[in-house]
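A.B. asks: Here you go, one structure.
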Amino acid sequence: MMISETHGNQSKILTIESLNRRIIAIKYAIRGPIAIRAAEIEQQLKKDDHNFPFDHLIRANAGDCHASGNQVPITYIRQFIAGCSYPPLMETPDFPLDIKCKVESLLSACGGRSLGSYTEAPGIFTIRQDIADYIHRRDGHPSNPEDIYLCDGVTNGIRTVLKLIMNNDLKKPSGVMTPIPQFPLYSATLSEYGIYEIEYYLDEDNNWEVNMEELEKALNKEKDNCVPRCIVVINPGNPTGKKRFSIKN
């Protein structure tokens, strides 16, 4: 609530009518009505007098393996994070030598040997070097750590790239081709940024493959409404599970 200096009356500043219309238009199915209803049912299941013919829910909306109990936490990652966060742990015999070496390598690259110190904008160099070395081993092609930019999760990486490709044409919005079906992050982010979504449908009868004719059809249909800038190919496919796309064309 806020007091108006002019009239002295109270008025709501944030309402559905005053909110950013792009935010209201965002649809994020895996966090939508079904997930909200599931949370309500979970609270009701905690009561002894609930009327449901079951005692627990299995959430399948986000593919959370840890929450479903089907994936044991990876010890290596947790030991590494613990060692970097509290280095005295490395003085105990409870941690293997390879963990201690990795912790030492990272802390040596941090200002003040602290994980909480500020880093270079693209990320800690030694991590980018490790990634470049891995790409070289995996693909047989040299990789430059200076061309690698670290992000705090894939979501922010995708959002950063989408912001970079937006054009400055005030008459037409940027256009991005996105697969259907797709993970809702893309359509939600495009809506938030005011980017025009060019939907192309994956070929369900051909194991959810990308079809060149469908791409051309979708592009020709929408290119007058926007300035096409890029195409999204989710590999491996999400949510289809397609493992490898034939994208040579």
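A.B. asks: When the residues of region 161-181 are filtered to those that are surrounded by 18 or more Cβ atoms within 10 Å (Cβ to Cβ) and out of contact with any Cys (no Cβ under 6 Å at 6 or more places or on another chain), which remaining residue is nearest to ASN238 (Cα to Cα)?
C.D. replies: PRO179
A.B. asks: Looking at LEU170, LEU190, LEU164, LEU202, can you tell me which residue is over 22 Å from the mean Cα position of the chain (by Cα) and among the aliphatic types (A, V, I, L, M)?
C.D. replies: LEU170
A.B. asks: Here is a list: PRO122, PRO142. Which entry is without any contact (Cβ under 8 Å) to a residue 12 or more places away in the chain and in contact with a helix residue (DSSP H, G or I) (Cβ under 7 Å, 6 or more places away or on another chain)?
C.D. replies: Of PRO122, PRO142, the one residue that is without any contact (Cβ under 8 Å) to a residue 12 or more places away in the chain and in contact with a helix residue (DSSP H, G or I) (Cβ under 7 Å, 6 or more places away or on another chain) is PRO142.
A.B. asks: Which residue out of GLY237, GLY241 is under 21 Å from the mean Cα position of the chain (by Cα), crowded, with 17+ Cβ neighbours inside 10 Å, outside any helix (DSSP H, G or I) and outside the structural domain of LEU164 (by TED's automatic domain parsing)?
C.D. replies: GLY237
A.B. asks: Also, quick follow-up: Looking at ILE198, ILE158, which is the one that is buried (at least 18 other Cβ atoms within 10 Å of the Cβ), of a type in the set (A, V, I, L, M, F, W, C), modelled with pLDDT of 90 or more and not in a loop (DSSP other than H, G, I, E, B)?
C.D. replies: The conditions single out ILE198.
Here's the yes/no breakdown for (1) within 30 Å of PRO145 (Cα to Cα); (2) surrounded by fewer than 10 Cβ atoms within 10 Å (Cβ to Cβ):
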site	(1), (2)
ALA29	no, no
PHE54	no, yes
ASP64	no, no
THR75	yes, no
SER108	yes, yes
THR126	yes, no
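The values are calculated or read from the model by the stated rules, or taken from the named source; none is laboratory data. Bear in mind that the values here come from a model prediction, so they are computed numbers and not experimental data. Every residue, glycine as well, gets a Cβ built from its backbone with ideal geometry; the counts of neighbours run over all protein chains shown.
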